[in-house]
Amino acid sequence: MGHFRLLVVGNAVSAYGSYLNMVALNVFVYQVTGSALTAGLFMAVRLITSVLSGFVSGRLVSRHDRKRLMVCADLTQATALVVLLLAPDGARVALLFALAVGTGACSTLSQVALRSSVPEIVGADLRTKANSLLVTGRSLAMIAGFASAGVIVAQFGYTAAFALDAATFVISATVLFLLPIRTRAAGKSTADGAPSAATGTGRWASLALLKAAPLLAVMVAVRAADGLGSSSHNVALPIYSSALDPSHPATFVSQFWATWAIGNIVAQQVCSRRTSKTGWSPGERAFAIGSCVMSAAFIVVFSGLPAVPAAVAALVAGMADGFTEIAYVSRLQAAPDEQRGRLFGLSASAENSGFGLGMIVSAALLERFSPLQVVGAFQGLAILLCVALLVVLARGRSLFPPAPPVRESGGPAPGREVSAAEGGTS
């Protein structure tokens with residue numbers, strides 16, 4: 001796990017840059033263009049790219065060297081930011097949209113490659129603990145990125161923010177390149193254009209995998225519904241916070257996210273410690289129950305409770321969110337190595353599609369309905385899907401093939417060092 005902990009640090013540094021970038025770039029687009037429509041189009045292009053690149057990323061990760069893909073994705077984002085910094089003012093608008101495409105595609109590719117590779121880096125038995133470390137790192141990076149973005153832009157300007165962002169990607173790429181890790185099952189070829197027989201070569205290969213494993217298809221559908229629900233509370237939070245305290249509209253939002261993040265990190269640490277002591281790994285039933293608790297807690301947050309009960313609900317939502325993330329990723333990682341890339345690519349597209357669609361629909365509904373009604377409807381849909389999954393698991397587990405055992409791997413083979421330039425991931 002020593003090398004993996006270094007990878008977690010590099011990934012967290014990169015994630016910090018991404019969250020800093022998310023705030024600084026969106027504001028910068030509006031400052032440069034003076035148009036709210038252009039700023040909205042920028043975010044839409046980035047999200048659409050993330051959705052579409054999920055399918056492409058799955059195929060790339062299945063066919064090519066994962067570590068090299070991750071390093072290239074980080075360096076591509078760093079280069080794009082440097083080009084934006086050096087470009088004349090007249091060319092910046094076009095470059096901003098090119099940057100939206102690049103960051104959307106590269107971030108999805110990095111996520112798919114890293115999640116696909118965890119069992120090969122640390123071994124099957126340690127994948128739950130490894131996922132806990134990754135999510136903890138990203139949660140801390142989210143807090144730091146969102147908290148520091150406004151300060152950095154206000155004190156040092158956009159140039160400093162973008163330069164810092166580019167540096168985080170370079171650091172991440174350097175860490176990845178130097179780590180002697182193996183990210184693909186031993187003996188699996190990563191030659192360009194050499195598809196695995198298990199995954200197929202057609203454009204529908206990802207869907208064929210889900211058809212062969214309907215339980216995974218239901219779990220992916222639940223995650224898409226979770227994305228839908230997540231978008232609703234993201235859009236509703238500023239409106240709800242403004243209604244609570246019109247003179248300080250950001251107070252409830254900041255308190256919510258801080259409390260949510262604490263709960264998220266606590267859940268990840270609990271999962272990691274339990275896994276270390278007992279070898280426990282959450283399964284499909286735990287995922288469904290955790291998703292139900294998470295959605296219900298988000299609904300309670302908008303029910304008009306006093307500050308302390310609302311904070312408790314936000315804490316529970318964060319804990320359930322962190323737990324379900326670990327359970328879901330660990331379950332998909334139980335698939336054979338040659339299938340994981342396509343599964344995680346399809347999952348990324350489903351989650352981003354749910355989130356993007358939810359942003360549009362919930363924003364429209366909030367013009368006529370209250371935040372509680374909109375969040376309740378969206379999160380209620382996720383709860384219904386989770387209940388359906390629990391019913392199916394209780395009545396007909398035999399309808400679904402069990403999670404296949406993951407072959408023990410991870411780290412260099414005995415008596416063999418893996419070079420930094422050899423297969424890997426981030």
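The values are calculated or read from the model by the stated rules, or taken from the named source; none is laboratory data. As the structure is a prediction and not an experimental result, all values here were calculated from the model. Cβ: placed from backbone, ideal geometry, glycine included. Neighbour counts: every protein chain shown. We work out accessible area using only protein heavy atoms, side chains counted, and drop any ligands, DNA or RNA first. Shrake-Rupley method; radii C 1.70, N 1.55, O 1.52, S 1.80 Å.
Report the local net charge at S107: Lys and Arg +1, Asp and Glu -1, summed over other residues whose C-beta lies under 13 Å from its C-beta.
Net charge in that neighbourhood comes out at 0.
Could you let me know the centre-to-centre spacing of segment 94-120 and segment 71-90, using Cα atoms, in angstrom?
Going from one Cα centre to the other spans 14 Å.
Using per-residue counts of other Cβ atoms within 10 Å, averaged over each peptide, order 310-321, 145-156 from highest down.
310-321, 145-156
Kindly sort K277, K129, K67 by accessible area of their heavy atoms, largest first, with the probe set to 1.4 Å.
K277, K129, K67
Working out 0.36 nm times the residue gap between S303 and A167, then minus their Cα-Cα distance, what length gain in nm do you get to one decimal?
Roughly 44.7 nm would be gained on extension.
Which peptide among 132-144, 158-170 comes first, and what is the full order, when sorted by highest mean count of other Cβ atoms within 10 Å?
Put in order of decreasing packing, that is 132-144, 158-170.
Which value, in debye to the nearest 20, gives the size of the charge dipole of the chain about its Cα centre, when Lys and Arg are +1 and Asp and Glu are -1 at the Cβ?
1060
Between segment 13-42 and segment 336-354, how far is it from one alpha carbon centroid to the other, in angstrom?
Their Cα centres are 26 Å away from one another.
Contact order normalised by length for the chain, with contacts defined as Cα pairs under 8 Å and 6 or more residues apart; what percent is it?
Relative contact order comes out at 31 percent.
Carbon and sulfur: what percent of the chain's accessible surface (1.4 Å probe)?
69
Hey, with R₀ at 30 Å, roughly what FRET efficiency would R274 and T174 work out to, going by the Cβ-Cβ distance, to 0.05?
After rounding to 0.05, the efficiency reads 0.35.
In nm, what is the difference between 0.36 nm times the number of residues separating L41 and T159 and their Cα-Cα distance?
Computed gain between L41 and T159 is 40.2 nm.
Tally Lys and Arg at +1 and Asp and Glu at -1 over the other residues with C-beta under 15 Å from the C-beta of S172: what net charge comes out?
+3
For the chain, what value does the Rg/Rh ratio take when both radii are computed over Cα atoms and Rh is the Kirkwood radius, given to two decimals?
That ratio equals 0.96.
Net charge near D321: determine it from the other residues with C-beta under 14 Å of the C-beta of D321, scoring Lys and Arg +1 and Asp and Glu -1.
Neighbourhood net charge equals -1.
Measure off 7 Å from each Cα along the Cα-to-Cβ vector at R395 and L85, then give the distance between these two points in nanometres to one decimal.
Using points 7 Å along Cα→Cβ, the separation is 5.9 nm.
Accessible surface of D245 in the full protein assembly, 1.4 angstrom probe, to the nearest 10 Å²?
Rounded to the nearest 10, the figure is 50 Å².
How far apart, in nm, are two points set 7 Å out from the Cα along the Cα-to-Cβ line at S254 and at T33?
2.9
Using a 1.4 Å probe, what is the accessible area per residue for the chain, in Å²?
Each residue of the chain exposes 43 Å² on average to a 1.4 Å probe.
Mean Kyte-Doolittle hydropathy of -0.5 or higher plus an axial Cα length of 24 Å or more: which whole DSSP H helices in the chain meet both?
Going by DSSP H runs, the hits are 2-33, 36-63, 66-86, 92-122, 127-178, 214-244, 251-278, 284-301, 307-332, 337-365, 371-396.
How many nm is it between the label spots at V93 and S242, if each spot is 7 Å from the Cα in line with the beta carbon?
2.7
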